[in-house]
1. Which of the aspartates and glutamates could a cross-linker bridge to A:Lys149, judged by Cα under 15 Å and excluding same-chain residues fewer than eight apart?
2. Using bins 10 angstrom wide from zero, how does P(r) for segment B:94-176 break down, in % of all Cα pairs?
3. Mind checking which lysines have their C-alpha under 20 Å from B:Lys272, skipping anything on the same chain fewer than 8 residues away?
4. Apply 1/(1 + (r/R0)^6) to the Cβ-Cβ distance of B:Gln39 and A:Asp198, taking R0 = 60 Å, and write down the FRET efficiency to the nearest 0.05.
5. Note down the magnitude of the dipole of segment A:13-91 about its Cα centre, charges +1 on Lys and Arg C-beta and -1 on Asp and Glu C-beta and zero elsewhere, to the nearest 20 debye.
6. Could you work out the local net charge near A:Glu266, counting Lys and Arg as +1, Asp and Glu as -1, over the other residues with Cβ closer than 15 Å to its Cβ?
7. Beyond a 22 Å Cα-Cα separation, which of these cross-linked pairs lie in this structure: B:Lys16/B:Lys97; A:Lys20/A:Lys212; B:Lys16/B:Lys201; A:Lys177/B:Lys97; A:Lys74/A:Lys151?
8. Can you tell me the convex hull volume per residue for the protein assembly as shown, based on C-alpha atoms, in Å³ to the nearest whole number?
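Quick note: the coordinates plus some simple rules give every number you see, no bench work behind them. Computed from a prediction, not measured in an experiment: that's the story for all the values here. Cβ coordinates were reconstructed from backbone atoms using ideal geometry, including for glycine residues, and neighbour counts include every protein chain displayed.
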2 protein chains.
Amino acid sequence: MTITLAENYGFCFGVKRAIKIAEENQNAQTYGPLIHNAQEIARLKRDFNVELSENLGVFQPGSTAVIRTHGIPKEELETLHARGVHVVDATCPYVTKPQQICEEMSVAGYDIVIFGDEHHPEIKGVKSYASGAVYTVLDVQELHTLRLKEKVALVAQTTRKVEEFLRIADALIVEHKEVRVFNTICNATFENQDAVRDLAKTSDIMIIIGGKNSSNTKQLHSIALRECPQSHHIESYTELKQEWFDGKERCGVSAGASTPDWIIQEVIDAIKAF
Amino acid sequence: MTITLAENYGFCFGVKRAIKIAEENQNAQTYGPLIHNAQEIARLKRDFNVELSENLGVFQPGSTAVIRTHGIPKEELETLHARGVHVVDATCPYVTKPQQICEEMSVAGYDIVIFGDEHHPEIKGVKSYASGAVYTVLDVQELHTLRLKEKVALVAQTTRKVEEFLRIADALIVEHKEVRVFNTICNATFENQDAVRDLAKTSDIMIIIGGKNSSNTKQLHSIALRECPQSHHIESYTELKQEWFDGKERCGVSAGASTPDWIIQEVIDAIKAF
């Protein structure tokens, strides 16, 4: 039986980069979780003594704070610097970009519209970089309640769908003289979905690895099921059953965005051992 | 019988302004036709000795050139100035705007996409103000043949439909990091259409005035017919028939974009005389 990994799976570029940064900063504390995976957070603590803190107050002068991929509000970053904390920035570059755009567009006199969820840490951070008028919307209806200037800049939460972003952009373009549209959407989530669909088409069994309550893993499993009825969603290799693989020739493997490579490798090793 | 003019009809703001400028500059020559209406051009010649010239060569030092509403290419304007011609600019401000945008966006390092017809005088003029890469497209397919930079500025021919403009904008936004969208569409044509529709709904006869081969007048007539079956398209008051108005109570009047007010007034006077 052949085992094939999806062309895109698991951690995105930004999470991989953040974990590498954390590993290079032993004894540091991350401000907020680097990743929504308890096993990986436990591994960073065990192997690198990198602890998680949700509280800004615990960071003492001389200590090291690793800023998580979603970024943090500008004021909190300034507080850490002012307190003499050594700040290591693991903010995803795809999130740093809309932060910079907000800062620059405010200075240039644009009203800013952010297409995203105002309660999400990424958007709290991005929004904090605007010094002028800034609004967060999730649909076109919300735009109608705003009193925007003629010149508007538009950015998006990195994980939003481009089709929905275009609906916001179109509504603004009709009403305003200038709309400066920054496509800050990151395709990592969608690339994982496209890759699992392609792989499932040519597989007779699919193994999707990720937390049972991880919504993006459930989504991958549901896409795989449509193309390959023998698709299984597992959290770790201990759930694998040998009989699943009887008579199968092509096994496809993918993993949710919070699933570390070492958990995936354990699953592949176990399948090979059957 | 009441006679009601549509809320918007006839000349747009830019054409009205250009004719006023021509009237204030007796003995001048317009470079290109101010308006696509032979009767109005003849009136300017007869009453104000303002002649039409299609040839740049005829403008001598000290003579006065009236620049038409569509504008002209930057190089031609420079030629006139260099030759010592007195230039009176009747370019519509809604056309000057995309000219300025092209100039500024080139300097700011943006590739420029113009949504419009490259053979139209307005677009020849607008395009001439770009000093860097500039492309003219009429549909999304044409975009795929271009090699654009990450930063793109988009402007539109003033008479285009906003729905088609959005299709171009959307295609660019999906593919590019930044798209600076300038909505340079002028709504005059669409305002005339909306107004004739509204008026026809409450009229029992509609008179639409304009050249028999004027496409925008035919469009107005066709919209009026849908709401009011007694809708007539005429070029001048001489075509009116008294029996059309027998038993009618509410007469609506509109006119195409090249129909001067005095022709409309002649029609209204004739209807009143019945």
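1. A:Asp111, A:Glu175, A:Glu178
2. 19, 57, 24, 0
3. B:Lys241, B:Lys248
4. After rounding to 0.05, the efficiency reads 0.35.
5. Dipole about the Cα centre, nearest 20: 200 debye.
6. Taking every other residue near A:Glu266 into account, the sum is -3.
7. Violating the 22 Å Cα-Cα cut-off are A:Lys20/A:Lys212; B:Lys16/B:Lys201; A:Lys74/A:Lys151.
8. Dividing the Cα hull volume of the protein assembly as shown by its residue count gives 205 Å³.
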